[in-house]
Amino acid sequence: MDYENAIEISGLVKKYDGFTLGPISFSLPKGSIMGFIGQNGAGKSTTIRSLLGIINYDEGELRLLGKDIKNDKADIREDIAAVFDELPFNDTLTAASLEKIFKGVFKNWDSDRFYHYLERFELPKKKKCGRFSKGMKMKLQIAVALSHKAKLLIMDEATSGLDPVVRNEILDIFYEYLKDGEASILMSSHITSDLDKIADQVTFIDHGKVFLTGEKDLILDEHAMIKCSKKDYFEIEPADFISARVTDFGVDILVPDRAAAEKKYPGLLIEKVSLEDVMLFYVNKDKKEWS
C-alpha cells in the first residue's frame, strides 16, 4: 500500500481529569525523522500511546503507514516498532530468549540481523536483561525493533539519561535505518541537541496543544533571536515577538519572522536560533516576559 505520510494525526483529543490533549493535528512524511518536542507533561507520551493503541482516545483520526489504527491493528503491528524510556521486557529474559519469542511473533523477523546488532552493540546473549545498564537496555530495544524490518520507529523519550557517546552511536544507527527512504522515525525527546543533529521535521507541543509543526530547517530559518539592551527592548512592539528573557545583562527576544524583524529593527543584533531556544521561548509565550 502506497502512502505519503508515515503518520497522520487529525483532530486527536484525549481527556483526563485536569489535562486535555488536543485537538492536535500533524503528519510525518514518509522517509523522514520528526523530533516531537515539549517539556515533561506536555502531552508527548499521551500522543504516542494513542498512536500505539495503548490507550483509547476520545476524538480524532489516526493513520500509520496509510492505515487506520482502529481498523488495521494487526497489519500495522507488523510494520511498526516502539522504543521506550523503560525496558518493556521481563527482567528475567535474556537476549537469546527474546530472539526465540519474537521469531514466533513477527513474520519478517530476521534472526541473523538480530544477532548482528547484538554483536555490534556488544550485548551479551545470555545475561538477564534486567541486569543491563540503561544504555544496554536501549540498544536491546533498538536491536529488536530493527530486526523485524519495521517501516516506522516510534521512540518515547528513549535517549533520556544516556551518555553522549551512546546517544551518538544510536543516532548513527538511525541514519542507516533511514537510508533507503522507506523507513520513518517519530522521536519524542526533550534533548533538543540530538534532534538538531538528525531531525528533518519538528512538532512542538505544550500543554496539550501543537504550537509549531513542519520542516526543522524552515522553522529555524524563520525564527530568530534579537539580543539587545533593556532600553532597546522597550522600543520593540509586543506583537512582533513570542516572548522575551530579561536578565541583568540584557534581553533575548524570540521573533517568529526573521526577515520582518531585520527590516523593522535594522540596528539590533539578530542571531540564529536552536530548537532549544524555540522550545523555551514558546513555553513562556503566555508570560511574554520572563527571566
Inset, instruction - Taking only segment 69-108 into account, find how many residues are open to solvent by less than 30 Å² (accessible area, probe 1.4 Å) and within 17 Å of L28 (Cα to Cα). - result: 5
Inset, instruction - Tell me which of these E176 doesn't satisfy, since it passes every other one: (1) surrounded by fewer than 18 Cβ atoms within 10 Å (Cβ to Cβ); (2) farther than 22 Å from N108 by Cβ. - result: (2)
Inset, instruction - Mind listing whichever residues of segment 109-158 are closer than 24 Å to Y3 by Cβ, of a type outside the set (A, V, I, L, M, F, W, C) and open to solvent by less than 70 Å² (accessible area, probe 1.4 Å)? - result: D110, S147, H148, D156
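Going by the conditions given, is A244 of a type outside the set (V, I, T), under 31 Å from the mean Cα position of the chain (by Cα), surrounded by 15 or more Cβ atoms within 10 Å (Cβ to Cβ) and closer than 15 Å to S291 by Cα? Before the answer, list the steps.
On the way: of a type outside the set (V, I, T): yes; under 31 Å from the mean Cα position of the chain (by Cα): yes; surrounded by 15 or more Cβ atoms within 10 Å (Cβ to Cβ): yes; closer than 15 Å to S291 by Cα: yes.
Yes, satisfied.
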Inset, instruction - Pick out the one residue from V255, V251, V278 that is surrounded by 14 or more Cβ atoms within 10 Å (Cβ to Cβ), over 30 Å from L153 (Cα atoms) and touching a His at 6+ places or on another chain (Cβ under 8 Å). - result: V255
Legend entry - All strands (runs of 3 or more DSSP E) inside segment 131-236 with 3 or more residues being at pLDDT 85 or above and more than 16 Å from the chain's Cα centre (by Cα): 224-228
Inset, instruction - Considering each of L195, L186, L118 in turn, give the residue that is aliphatic (A, V, I, L, M), touching a Lys or Arg at 6+ places or on another chain (Cβ under 9 Å) and under 29 Å from M279 (Cα atoms). - result: L195
Legend entry - The lone exception for K179 - which of (1) out of contact with any strand residue (DSSP E or B) (no Cβ under 7 Å at 6 or more places or on another chain); (2) touching a residue at least 24 places away in the same chain (Cβ under 8 Å) it fails: (2)
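Among the listed residues D196, D163, D206, which satisfies the condition of being open to solvent by 10 Å² or more (accessible area, probe 1.4 Å), touching a helix residue (DSSP H, G or I) at 6+ places or on another chain (Cβ under 6 Å), under 23 Å from S45 (Cα atoms) and among the charged types (D, E, K, R)?
Unique residue meeting the criteria: D196.
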Inset, instruction - State which residue pairs qualify: first residue farther than 15 Å from I198 by Cβ and inside segment 160-171, second residue modelled with pLDDT of 80 or more and open to solvent by 60 Å² or more (accessible area, probe 1.4 Å) in any location, beta carbons under 6 Å apart, and separation of 6 or more residues or different chains. - result: G161/K134
Legend entry - Which numbered condition G38 misses (of (1) in contact with a Ser or Thr (Cβ under 7 Å, 6 or more places away or on another chain); (2) open to solvent by less than 10 Å² (accessible area, probe 1.4 Å)): (1)
Inset, instruction - Give, as residue ranges, the strands (runs of 3 or more DSSP E) completely inside segment 28-107 that count at least 1 residues that are within 19 Å of the chain's Cα centre (by Cα), under 30 Å from F281 (Cβ atoms) and touching a residue at least 60 places away in the same chain (Cβ under 8 Å). - result: 33-37, 80-84
Inset, instruction - For segment 1-18, indicate whether the set of residues that are part of a loop (DSSP other than H, G, I, E, B) and aromatic (F, W, Y) is non-empty. - result: yes
Legend entry - Tally of residues being at pLDDT 90 or above and more than 18 Å from R131 (Cα to Cα) across segment 82-103: 4
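The values are calculated or read from the model by the stated rules, or taken from the named source; none is laboratory data. For clarity, every value in this text was computed on a predicted model and none was experimentally measured. A quick note on method: Cβ atoms are made from the backbone with ideal geometry, for glycine too, and the neighbour counts reach across all protein chains shown. Side chains included, ligands, DNA and RNA excluded: accessible areas come from the protein's heavy atoms. Shrake-Rupley method; radii C 1.70, N 1.55, O 1.52, S 1.80 Å.
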